[in-house]
Amino acid sequence: MASSTDLIEHETMPSAGEEKPAKKSRKRMRKFEGEMMLDSRRFSIMKARKRDSAQDHEFKTSISTLTVSSASRISAKFKKLELFPEISKDVVKTPQPIIPRAPTEEEQSLAKTQVEGNFINRSHGYVKVFNAKTYQVICVAEFLKIPDLSPQKREDFDYLCAFFHDCKQFVSPDALEALSSGDIASMIGWSRNLRRLEILDAYRNDEEIETNKQAYSELMERSERAGSVLWETFFEFGSVAAEKTRKRMEQLNSRSSTNNIFAASLNNNSNGSTATLGFPTNNFYQDLLPNQGNVSDAPLSFAMMIPTFKSTGKIGLQAEGHRVDHGQFVFPDIKLSIQFAPDTICRIIFRDREYNHGTIPKTEVGDSTRLGVCVRAPMPISD
């Protein structure tokens with residue numbers, strides 16, 4: 001008769017070909033972990049496909065129906081960041097809307113360090129930026145290498161730059177002195193029918209225009225093509241966004257022509273007039289300002305940055321000595337920085353009403369500068 005010890009040993013010893021319990025347990029655990037990892041990968045793939053599908057739909061309905069296969073995507077998380085906190089405090093504590101002061105050199109230096117060290121920086125290719133939570137498109141940027149432009153496209157950009165430069169002759173000296181060389185677009189705007197570019201009334205040098213009527217007349221004859229080049233560039237880049245922006249501008253212009261109060265509200269809007277083509281350099285605090293209206297209803301804006309020479313207005317290449325350092329276009333709340341690389345024209349479509357943005361101060365070397373232009377529908381303060 002077997003002892004109790006013999007029975008226990010007999011019951012726990014595996015028979016021939018049978019795995020030990022510990023080994024079977026480990027095997028089951030590995031199988032379980034493998035299935036969990038597979039399920040996790042499947043979930044991640046499904047989630048990525050859902051995200052990509054939502055972003056693709058957003059792009060087609062907001063920017064363009066064209067497919068850009070080589071584009072890179074950024075899913076950006078929104079987190080409020082004051083790049084110039086002391087200026088933000090000044091804006092908040094002032095009851096009435098104010099024009100924010102310029103940052104000090106120390107504030108500029110701190111902002112540059114933060115942007116260059118902690119932001120996502122992009123300077124080439126085609127970039128789509130989406131809100132990671134809502135899939136909303138925030139910004140689309142394309143960097144065009146100037147040496148690779150087609151002859152027709154290069155001619156169009158040359159024509160546009162020449163027009164803006166030649167407008168300086170008929171802008172008041174005080175206005176030119178107050179603004180930096182690259183801000184000439186701030187003094188240029190659209191005709192009411194949105195077909196031609198014009199010098200805004202507030203900046204016109206009527207005495208110079210009267211003295212040089214022929215030259216001014218010839219300049220205005222060129223304005224329709226300059227406006228056409230700007231619209232065509234916008235439509236080529238993002239036809240859906242361009243159509244919505246132009247339609248909104250036409251509606252506002254039509255409404256202001258029959259409503260003097262509404263027209264005044266447009267023209268007194270501190271965030272942009274009905275006409276100005278100025279590049280947005282200091283919209284870091286717009287969410288802190290009152291009476292912004294329904295910003296989610298605003299159409300997207302189009303901006304472009306072109307390297308040029310101050311003395312001639314011509315496009316500037318690095319081989320010709322052109323150099324401008326810094327001046328990145330940034331969105332602090334999503335930590336995105338768009339860098340303007342040498343020999344590159346950058347065009348951008350973005351939600352400028354919903355996301356704070358602006359440029360980091362730039363350093364221009366010698367005769368070098370950049371021409372910044374922006375097509376932006378005005379946001380009326382009130383009816």
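All of the numbers you see were taken from the coordinates with simple rules; none came from a lab. Predicted model, so just to flag it, every value in this text is computed and none were measured. Here the Cβ is made from the backbone with ideal geometry for all residues, glycine too, and neighbour counts use every protein chain on show.
Using the Cα gyration tensor of region 71-375, with a ≥ b ≥ c the square roots of its eigenvalues, what is the shape: rounded (a/c below 1.5), prolate (a/b larger than b/c) or oblate (neither)? Show your work: numbers first, answer last.
Details: a/c = 1.37, a/b = 1.16, b/c = 1.18.
Cα axes put region 71-375 in the rounded bin.
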Ranked output for segments 200-211, 54-65, 347-358 by mean other Cβ atoms within 10 Å, highest leading, reads 347-358, 54-65, 200-211
Here FRET efficiency (C-beta to C-beta, Arg255 to Asp287, R₀ 41 Å, nearest 0.05) is 0.95
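Based on the Cβ-Cβ distance of Arg225 and Gln108, what FRET efficiency does E = 1/(1 + (r/R0)^6) give at R0 = 41 Å, to the nearest 0.05?
Calculated value: 0.60.
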Glu320 and Ser191 label points (each 7 Å along its Cα→Cβ direction) are spaced in nm at 2.9 nm
So, with points 7 Å from each Cα along the Cβ direction, the Ser72-Arg30 label distance in nm works out to 4.0 nm
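Local charge sum around Thr308 (other residues, Cβ-Cβ under 14 Å, Lys/Arg +1, Asp/Glu -1)?
0
By the scheme Lys and Arg +1, Asp and Glu -1, what is the net charge of all other residues having a beta-carbon under 13 Å from that of Arg323?
Working: positive: Lys310, Lys362, Arg370; negative: Glu320, Asp325, Asp343, Glu364, Asp367.
Local net charge: -2.
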Pseudo-spin-label distance Ser150 to Thr312, built 7 Å along Cα→Cβ, given in nm, is 2.6 nm
Row for region 176-257, column shape: gyration tensor on C-alpha, a ≥ b ≥ c, rounded if a/c < 1.5 i.e. under 1.5, prolate if a/b over b/c, else oblate; value prolate
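Using mean Cβ contacts within 10 Å as the protection proxy, how do 121-129, 87-95, 169-177 order, highest first? Write out the running numbers ahead of the final one.
Numbers: 121-129: 18.1, 87-95: 13.2, 169-177: 14.9.
Ranking, from highest mean packing down: 121-129, 169-177, 87-95.
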